[in-house]
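Please treat every number below as a calculation from the coordinates, not as lab data. Quick caveat, the model's predicted, so the values are computed rather than measured. No Cβ is skipped: glycine too gets one built from the backbone with ideal geometry, and neighbour counts run over all protein chains shown.
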Amino acid sequence: MNAPIGVIDSGVGGLTVAKQIMKVLPNETIYYIGDTARCPYGPRKKEEVLTFTRRLAKALEKKHIKLLVIACNTATAVALDDLRERMSIPVVGVINAGARAAIKSTKEHKIVVLATEGTIKSGAYERALLSLNSRAKIIPLACPTFVPLVESGEYEGQFAFDLVANGLKPLKNKSFDTVILGCTHYPMIQHHIEKVVGPHVTVLSSAEETAKEVEELLNYNNLLQTTEKNPQHIFYTTGSVPIFRTIAQNWLEIEQLDVRKIHL
Ligand code: I24
Ligand code: DGL
């Protein structure tokens, strides 16, 4: 089907999910909205995140998307069920895909979830994991310093490693074999996290798993773009167009992205 896939996020972090979708489904067109004017969602109240996320979804629904991906973990945690009830198209969040991959990979059934305060407080990962395996032992950990670290751009080097190691201190003396990166930004510091938890722990990104789920869902519903074409993605931001463009072009390695301002 020749309609775009919608992707909504609190800002630029969801580009990690968009990039994975482009990799798995190179013929599909993506319409992305990043709410950079209101980012971050992680520390905000549940009601606020719900209101903002509904607005993002509505804006893309008007542009006739065939499927909606909530790329932001915090938004997925509070708004997935709500949007599924309100919308007539399939809605995919990042949490179920990450949880499924973790349950498949864990041997000891001891899983760490790293995420923003909002996601951890919601308990959404725990619910998803326990519904897949009721005996799983889950260790949730909010890492409120990690998003500001990535957004500072200075996430390489000793200072960044120390900050990550410090944030992961509560995991010392805990036993686990799998870590879910339950936040769009954490793949940027995955190497630091892997170094802290050691080589016997599997670290999984929800972004990669979500792209696979999108492909399965489109396939199952006969919504795949079957003819070969050169997709014309559009990126909307509620904030600065040039800043968004710089980050997105750099991350997606695409020149001349179509980035537009949107008022919500
Ligand atoms: N990464 C993120 N957010 C930023 C950033 C970054 N600045 C540098 N890098 N800034 O998220 C957010 C601030 N807002 C201000 C208002 O406008 C929008 C941005 C992670 C992005 C994940 C794709 C580092 C950086 C980069 C390019 C690619 C990846 C990356 F510059 F981490
Ligand atoms: N996108 C958010 C998430 O995945 C991280 C950034 C934010 O707090 O808005 O939870």
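Here are some residues: 100, 84. Which one is without any contact (Cβ under 8 Å) to a residue 12 or more places away in the chain and away from ligand 1 (no atom under 16 Å from the Cβ)?
Exactly one of 100, 84 is without any contact (Cβ under 8 Å) to a residue 12 or more places away in the chain and away from ligand 1 (no atom under 16 Å from the Cβ), namely 84.
Mind checking whether some residue in segment 39-54 is within 17 Å of residue 210 (Cα to Cα), buried (at least 16 other Cβ atoms within 10 Å of the Cβ) and touching a Ser or Thr at 6+ places or on another chain (Cβ under 7 Å)?
No, segment 39-54 has no match at all.
Quick test for you: out of 30, 65, 5, pick the one residue that is buried (at least 20 other Cβ atoms within 10 Å of the Cβ), β-branched (Val, Ile, Thr), away from ligand 2 (no atom under 12 Å from the Cβ) and more than 16 Å from the chain's Cα centre (by Cα).
65
Conditions (1) in contact (Cβ under 8 Å) with a residue 24 or more places away in the chain; (2) outside any loop (DSSP other than H, G, I, E, B), marked per residue:
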| position | (1), (2) |
| --- | --- |
| 192 | yes, yes |
| 203 | yes, yes |
| 222 | yes, no |
| 229 | yes, no |
| 255 | no, no |
| 260 | yes, yes |
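Which one is farthest from residue 17 (Cα to Cα) among residues in segment 232-250 that are exposed (fewer than 15 other Cβ atoms within 10 Å of the Cβ) and touching a residue at least 40 places away in the same chain (Cβ under 8 Å)?
240
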